[in-house]
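Reading through the structure tokens given below for one structure.
The values are calculated or read from the model by the stated rules, or taken from the named source; none is laboratory data. Note that the structure is a prediction, hence the values are computed from the model and not measured. Cβ placement follows ideal geometry from the backbone for every residue including glycine, while neighbour counts extend to all protein chains displayed. Heads up: the accessible areas ignore ligands, DNA and RNA and are worked out on the full protein's heavy atoms, side chains in. Shrake-Rupley method; radii C 1.70, N 1.55, O 1.52, S 1.80 Å.
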Amino acid sequence: MASNVPVKQEPTDATDLENRIIELCRSDPKGIGDAIIQEDMPHIDVRQRATAINRLLSAGRIDLLKTTAGLVYKLKDPQTSSKMKGSDNQEKLIYQIIEEAGNKGIWIRDIRYKSNLLMTQVSKILRNLESKKLIKAIKSVGASKKKVYMLYNIDPDRSVTGGAWYSDQDFESEFVEVLNQQCMKFLHQTRVNAENSKHDPITKRNASYASSNEVWKFISELGISKVQLSVEDIETILNTLIYDNKVEVTVVASVESGQIKLYRSIELLIEPTGLMRTACGVCPVFNECQEGGTISPTTCIYMKEWLDY
């Protein structure tokens, strides 16, 4: 009785073998190792596989990348392949190193270390790749004089640009202050509207809270931001209001996301004394602090930061 199970056809010539390797690479964008190729075509001789892989590498159809899991073969972007056509092995190596860095980029010294090339060679190659619009240099907010390199079509990570709070590496303190005021205004008005309603006390209290999404929608409709703010950006602002004892937060169950944070403006009965605004006023180990001890005002980093501020 004949079986209906389909039998996988092994590649019969060099072209079929190369096409099969391309299909395997296309099935996993992160790349495939030798083990996957060998498992897919166990009856193909090792030398045949090596010849096919070398032909694909020489033709620029796949890349050989070094990862934490070992060497992998990755399908090359056709657009990048056309731009990299004619580039020497050193340029391809530098491009590969920058590609591996992702959206956080990589410093020129790290590129030099990984490529084992002279600094003059690395600088020249970087200029060539920039002129071809294959890579770009971004100034990092973490170090004003430090540039990191990443692929041209990648959006840099927030840790590099500073997100919405930075413009040309400068912290937009006035913009943050305006957002603080407007978020506080919205939460305060929400609380006032709830207190002025004719509902019972519990309903009034519940209505005095607002979600970060509601605050984000209010800020977006105001049009005070030149950049697109996310809900996470607004939550960062709301956190600063919590630290300033102007807002409280509670977490409630949500059908959609499991849980949701709700924010509410608060009014202190009395203003905190000046001492409570110092580092000592909120220190949890205040009673253990003594001169010459493990915890000492002389070595306290929080006191130094407070004084410097």
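Take the Cα of D200, step 7 Å toward its Cβ, do the same at Q48, and the gap between the two points is 8.0 nm. Dividing the mean sequence gap of close Cα pairs (under 8 Å, 6+ apart) by how many residues the chain holds gives a relative contact order of 9 percent.
Gain in length, K92 to I36, computed as 0.36 nm per residue apart minus the alpha-carbon separation, to one decimal in nm?
Computed gain between K92 and I36 is 17.7 nm.
The share of accessible area on the chain that comes from carbon and sulfur is 52 percent, using a 1.4 angstrom probe. Subtracting the Cα-Cα distance of D170 and N245 from 0.36 nm times their residue separation leaves 24.3 nm of extension gain. The magnitude of the dipole of the chain, with charges of +1 and -1 set on the Cβ of Lys/Arg and Asp/Glu and taken from the Cα centre, is near 1040 debye.
Of L17, L75, L268, the residue with the greatest mean-square motion in the GNM of the chain, using alpha carbon springs below 10 Å, is L268.
Helical content of the chain, expressed as a calculated mean residue ellipticity at 222 nm, amounts to -14000 deg cm²/dmol (DSSP H runs of 4 or more residues, -39,500 (n - 2.57) each, divided by residue number, nearest 500).
Could you work out the relative contact order of the range 196-269? I mean the mean sequence separation of Cα pairs under 8 Å and 6+ apart, divided by the number of residues, in percent.
Here the relative contact order equals 31 percent.
Calculated FRET efficiency, T120 to R55, Cβ-Cβ distance, R0 = 51 Å: about 0.90 to the nearest 0.05.
Note on W306 and E177: with the Förster distance fixed at 35 Å, the Cβ-Cβ geometry gives a FRET efficiency of about 0.95. For the listed residue pairs K147/K261; K124/K226; K204/K226; K74/K114; K185/K226, the alpha carbons are over 29 angstrom apart in K147/K261; K124/K226; K204/K226.
For volume of the Cα convex hull per residue in Å³, the value calculated from this model appears in (i) 335; (ii) 305; (iii) 185 under label (ii). Full extension of the chain segment joining D155 with S211 gains 17.3 nm, where the gain is 0.36 nm per residue of separation less the Cα-Cα distance.
Among D244, D157, D16, the order of accessible area from largest down is D244, D16, D157, computed with a 1.4 Å probe on protein heavy atoms. Would you mind classifying the range 160-309 by shape? Square roots of the alpha carbon gyration tensor eigenvalues, ordered a ≥ b ≥ c; an a/c under 1.5 is rounded, otherwise it is prolate if a/b is larger than b/c and oblate if not. Oblate, since a/c reaches 1.5 and b/c is not below a/b. Here the calculated FRET efficiency for K147 and T15, from their Cβ-Cβ distance with R0 = 41 Å, stands at 0.40, rounded to the nearest 0.05.
Springs between Cα atoms under 10 Å define the GNM used for the chain, and in it the highest mean-square fluctuation of E288, E195, E267 occurs at E288. At a probe radius of 1.4 angstrom, the accessible area of the chain per residue rounds to 69 square angstrom. Using a probe of 1.4 Å, the accessible surface attributed to C289 totals some 50 Å² when neighbouring protein chains are kept in position.
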